[in-house]
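For reference, the structure is listed below as structure tokens.
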Amino acid sequence: MGIAGIGRMGWVHAQHLLELEREEGVCRLAAVVDVDGAKLERFVAKTGFTGRTFLSIEEYIQADVCKATMIVTPTAMHRDHASILVKAGHRVISEKPLTGTLEGDLEFCAELDRDAPNGVMLAFQRRFDAALVYGRELMHSGAIGRVVKVYSALEDSGPAPNGYASGGILPDMSVHNVDEILWLTDKMPDRAMAIGSRVYSHALTTCDEDFDDASLYMWFGEDLLAQVQVSRNHVSGYRVETVIFGDQGQIQIGHFFQRPDEIIVEAFGRRGKMEPIARRSFPGGIGEPGAPEFVERFGPAYKAEAAAFIDCCRRGVAFPATHNDGLRAQKVISAGMRNALTKANGSEI
């Protein structure tokens, strides 16, 4: 395998690929690509990487050292890099979002459906998170009866990094939550609405982003609602929680208590039943000093996601999350943004 982009997220994925190579021998990280030669030198020096390094995708393809590639370049480059790699015969796993816009997703998905329907896996790591998988199993087993609402929160403890290129907090952050909800429910909503604000952390970064706090509501007919909360303002620490409400109880996946490396899943019945229906604890990840805070919560999921990609490549089968899953999530977010409410168009009290 090769990996394109060795920035903040690329480093995380590269570490997991190296672990899979060392521990299980299912792949070999043979090449790393980045336009910044200094980043490549730091990566080699710190990890002892013995493969090849390249300063461009074109140079990497020309060398013909890999047939599978992980794309972790800036969002604006995802489409171009995925397209050129797929045309060169690579199978690709790309960080989200697919292109960053609904129009771009529609065009690129049409291109992939026509020319390479099994060429791209989109990196929705939540589908490989053991705690969420267990919560989904409980939900589909009928443990809490008919599901009426799903709430999914993702809140960072600080602003986006200086210079980070964001297409907006909802397209950039909530794409994970929206895909999670579509995956949990196996349904597509028919209505969506967004609410956005600039509250605090937007003033602490050079990243130009529309909001630093936002909510997205989704309606699935008349009997199912979903709500997404994303924020850059949760200064107490990284918060990831999902709550599934049913007519016979609820399932809580994760709970903020400043220990993201321990994920607890609990299911409760109706009022009056004191003991949980089910309870399990799952380990998070252990990030190196300076690693992004989300590694503590989703480290094992990122590694499981990479292993699933490798397994599909080795067996020549379809991927479990594709470009079309990214398009569906983007359609929901775009619909919500068309009806976005802010302080400017809110009603006076």
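The values are calculated or read from the model by the stated rules, or taken from the named source; none is laboratory data. Remember, it's a predicted structure, so these values are computed and weren't measured experimentally. As a convention, Cβ positions derive from the backbone with ideal geometry for all residues, glycine included, and neighbour counts pool all protein chains shown.
Looking only at the stretch 311-349, how many residues end up being surrounded by 17 or more Cβ atoms within 10 Å (Cβ to Cβ), farther than 19 Å from Arg126 by Cβ and hydroxyl-bearing (Ser, Thr, Tyr)?
The number of residues fulfilling the criteria is 1.
Checking the structure you have, find out if any residue of the stretch 85-97 is farther than 16 Å from Ser56 by Cα, acidic (Asp, Glu) and without any contact (Cβ under 8 Å) to a residue 60 or more places away in the chain.
No, the stretch 85-97 contains no residue that is farther than 16 Å from Ser56 by Cα, acidic (Asp, Glu) and without any contact (Cβ under 8 Å) to a residue 60 or more places away in the chain.
Quick check on Ala267: is it in contact (Cβ under 8 Å) with a residue 60 or more places away in the chain, touching a strand residue (DSSP E or B) at 6+ places or on another chain (Cβ under 7 Å) and either farther than 30 Å from Gly89 by Cβ or not in a helix (DSSP H, G or I) (or both)?
Numbers: in contact (Cβ under 8 Å) with a residue 60 or more places away in the chain: yes; touching a strand residue (DSSP E or B) at 6+ places or on another chain (Cβ under 7 Å): yes; either farther than 30 Å from Gly89 by Cβ or not in a helix (DSSP H, G or I) (or both): yes.
Yes: the conditions hold for Ala267.
Just for the stretch 205-253: of the residues that are among the charged types (D, E, K, R), in a strand (DSSP E or B) and buried (at least 18 other Cβ atoms within 10 Å of the Cβ), which one is modelled with the lowest pLDDT? I'd like the intermediate steps shown before the answer.
So the first thing to find is which residues in the stretch 205-253 are among the charged types (D, E, K, R), and the list is 208-210, 212-213, 222-223, 232, 239, 241, 247.
Cutting the leftovers down to in a strand (DSSP E or B) gives us 213, 239, 241.
When the remaining residues are screened for being buried (at least 18 other Cβ atoms within 10 Å of the Cβ), the result is 213, 239.
On the way: Asp213: 98, Arg239: 94.
Ranking the qualifying residues of the stretch 205-253, first place goes to Arg239.
Looking at the stretch 322-331, is at least one residue without any contact (Cβ under 8 Å) to a residue 24 or more places away in the chain, outside any strand (DSSP E or B), of a type in the set (Gly, Ala, Ser) and not assigned by TED's automatic domain parsing to the domain that holds Ser201?
Here is the first cut: in the stretch 322-331, the ones without any contact (Cβ under 8 Å) to a residue 24 or more places away in the chain are none.
Within the stretch 322-331, not a single residue is without any contact (Cβ under 8 Å) to a residue 24 or more places away in the chain, outside any strand (DSSP E or B), of a type in the set (Gly, Ala, Ser) and not assigned by TED's automatic domain parsing to the domain that holds Ser201.
It is to be established whether one or more residues within the stretch 120-128 are buried (at least 20 other Cβ atoms within 10 Å of the Cβ), assigned to a loop (DSSP other than H, G, I, E, B) and touching a His at 6+ places or on another chain (Cβ under 8 Å).
Going through the stretch 120-128, the residues buried (at least 20 other Cβ atoms within 10 Å of the Cβ) turn out to be 120-128.
The next check asks that each one be assigned to a loop (DSSP other than H, G, I, E, B); those that pass are 123-124.
Applying the additional criterion that residues be touching a His at 6+ places or on another chain (Cβ under 8 Å) yields 124.
Checked the stretch 120-128: at least one residue is buried (at least 20 other Cβ atoms within 10 Å of the Cβ), assigned to a loop (DSSP other than H, G, I, E, B) and touching a His at 6+ places or on another chain (Cβ under 8 Å).
Do the conditions hold for Ala291, that is, is it at pLDDT 95 or above and within 18 Å of the chain's Cα centre (by Cα)? Spell out how you get there, then give the answer.
Values: at pLDDT 95 or above: no; within 18 Å of the chain's Cα centre (by Cα): yes.
When the stated conditions are applied, Ala291 does not pass them.
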